[in-house]
Amino acid sequence: MKILRVMKPLRVILATLAVMLMAPALAHAELEIDITRGHLNPMPVAVPDFIGTQAQEVGVGKQVAEVIRANLTRSSLFRIVDPAAYLEQVPDVNTQPRFADWKVTQAQALVIGQSTLMPDGRLRIEFRLWDVFGESEALASFYATTPENWRRIAHKISDAVYKRLTGEDGYFDTRVVFVSESGPRGARRVKQLMIMDQDGANPSILPTGTAQVITPRFSPTAQQITFMSFETGRPKVFLYNIETGRREVLGDYNGMSYAPRFSPRGDSVVMTLDLSGNSEIYRMDLRSRATARLTNNPSIDTSPSFSKEGDQIVFNSDRGGSRQLYTMGADGTNVQRISTGDGSYTTPVWSPRGDLIAFTKQVGGRFGIGVMRPDGTGERMLSESYLDEGPTWSPNGRVIMFFREARPGAGPKLWSVDLTGQNLRQVQTPADGSDPAWSPLLP
Amino acid sequence: MRLGWFGSLGVHVLIVAATMIAWPRESPDLPPPSAVVPVDIIDTISDVTNVSAIAPPPETPTEEQTTPEGAPQTLAPPAPEAPEAIPDPRQKMKQKERERRPTSLDDYQRLIDRSKKKGADERPSGPTEPGDVTRPRVGLGTDMTMTETDAINSHVQRCWRAPADQAYPERLIVKVRIRLNADGSLAAQPELVSPRSLGGVDPATRVAAEAAMRAVRVCDPFPVAPNRTERVNAVLNFDPRLMAGSN
């Protein structure tokens, strides 16, 4: 009997202990399902016309929404849900939308905005980005500017939405400089520098002189470009400040200078100098104007481009018999060939993300734009035609712009393609265009 | 004699207990402790769920953005939606979803078949097939059949925009805990398991976590067996590495 009396509490203690010990084991046994396949379809986004009260506010609101819709669509990462399918008209930017109405449209994100003309004549545009299925606000902000500046506000909102939904910086509030070509082909062809928004809006000629110009390159840190001009009779590299209009020759050498490109910090330029019948790559410090020779080879070394960190340079050279891509340290040491395929490789450009190098490749009489890793692996072509040439990266490293002559005699046009090679689009320009150069995000 | 018997029993219980402690810790894949999320328990399944959306507090953009004239500023939190005397569109949507929801094993089979390549092994079909009841169960305490986990897997794949086009996708693996009612609808908001929260993570990880959470919400309701009477708890492991590697 005594033993039985001892047993009862012992049994309870043991049972409790067993349950306590088994609990974590049971919790650990939670089922896990591995989802290793998804889709890469564009995200459906709804962008109704921005709300306004006065006629001018309504007009601006409609235009801003149109630019945002066009930007997001052009990125190919988003699909705009047809405005005709919208069930709700949100009356005010500060009102929470009826999420169920937007879920029916399949929109996963919703941009609601409002434009207001303020008493001082300025325009105030505010917006909210909603996560429709999360039923929560993802972003809210407003901008104030002069009414004629509405397009930049639309680009800035596009960049903010893009960044919030992708995790990457946008590229919509940027500009592109390119060579605008007109007139008969040959020596009498007029080639001027033109600047426009990345979507082709607001094109204007840059007053860089009347001589033929080629290879404009944007500074990654300032509204400054460098380009090659025949103004002095011989090819010379110029520096031009877009904001001040100041223009100067970069080093008045007794020979030709061409193929310039800025360093990532914008404080130096690499270019090709042909001083005695041999093309070599030089680096010029823009503050001291000191010049250092980086290559020393009897073959043609040209088209240098810095890596993201500025510690390496990719260039093309025919030292191996055909034009191939090589990398070297920023001081010219440790030269290594990275391209190994058939054909010739030219105009290499290091991605601002640092992970890829874009180039022009010629094989069998056709040209294409391709990318490869900095060690030469993973080469893949993104475009091909009679003549595709001159790649330039968007500042976030996801889109490449280049120029294309679709057939012999057709004028050059600007095109863009993203890293998947799936989103090939022509960029509208007032006249024929070549040699595009993409700016960094505007400040 | 009896003391010896009880002593032996006690030693055996302790050995079993020690095993319970030691074995789970051997697992290299213990889920990290999760944040506490309020969950409404639903006793009866009504036409409209009584689970309110857990909306995080409105984000206040802190990053500085420049404008042509003046910096943008954060807007005040929005006013709550004004009540209206119109039928709740959520009811309509739920009704549509119920109509779309698979009701037989054939429906689940079709869901799975769509995700399989040609030539894959054929599964037996047929409503309330006895064989399915005796099919191996997956996961202690979850009481799910392989057919159900396959169907959920296939279902979620169509809702998940995988971040396979991002650089370094191996850092973008996300785990989300889901709790489903017996009819396959979400019993509670999905819960982020890894990363544990959206605070302090880099933008790409945050976007990947949001995409996984969005996939779960877009996928609601989930396909479960029509004769299911118990709830489902599971962790969905969103892993974009395979897709990135196949690009």
Using only Cα atoms, what is the ratio of the radius of gyration of segment A:242-330 to 2.2 N^0.38 Å? 1.10
What is the sum of charges, Lys and Arg at +1 and Asp and Glu at -1, for the other residues whose Cβ falls under 11 Å from the Cβ of residue A:403? -4
Connecting every pair of Cα atoms under 10 Å apart in chain A and solving the GNM, the largest mean-square fluctuation among A:295, A:226, A:340 falls on A:340
At 1.4 Å probe size, with every protein chain present, just tell me what the per residue accessible area of segment A:233-328 comes to in Å². 44
Summarise the long-distance tail of P(r) for segment A:49-190 by giving the % of C-alpha pairs beyond 17 Å. 64
All other residues with a Cβ under 12 Å from the Cβ of residue B:201 taken together, and with Lys, Arg as +1 and Asp, Glu as -1, what is their net charge? +1
Determine the total buried accessible area between chain A and chain B, counting protein heavy atoms only with a 1.4 Å probe; round to the nearest 100 Å². 6700
Tell me the net charge near residue A:230. Cut-off is 11 Å between Cβ atoms, residue A:230 excluded, with +1 for each Lys or Arg and -1 for each Asp or Glu. +2
Could you give the accessible area per residue of segment B:133-247, probe 1.4 Å, as a whole number in Å²? 37
Antiparallel DSSP beta bridges within chain A, as percent of all bridges there, nearest 5: 95
Angle between chain A longest axis and helix A:55-75 axis [Cα atoms, degrees, rounded to 10]: 80
Bin all alpha-carbon pair distances of chain A at 10 Å intervals from 0 and give each bin's fraction as a whole percent. 4, 18, 24, 20, 13, 9, 4, 3, 2, 1, 1, 0
Take each of the peptides A:278-285, A:412-419, A:198-205, average the number of other beta-carbon atoms within 10 Å over its residues, and list them starting from the highest. A:412-419, A:278-285, A:198-205
Mean 1/r over all different Cα pairs, inverted: what Kirkwood radius does segment B:133-247 give, in Å? 14.8
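The values are calculated or read from the model by the stated rules, or taken from the named source; none is laboratory data. Model, not experiment: these values are computed from the prediction. Backbone-built Cβ (ideal geometry, glycine too); neighbour counts: all protein chains shown. To get the accessible areas, we keep the full protein, side chains included, count just its heavy atoms, and leave off ligands, DNA and RNA. Shrake-Rupley method; radii C 1.70, N 1.55, O 1.52, S 1.80 Å.
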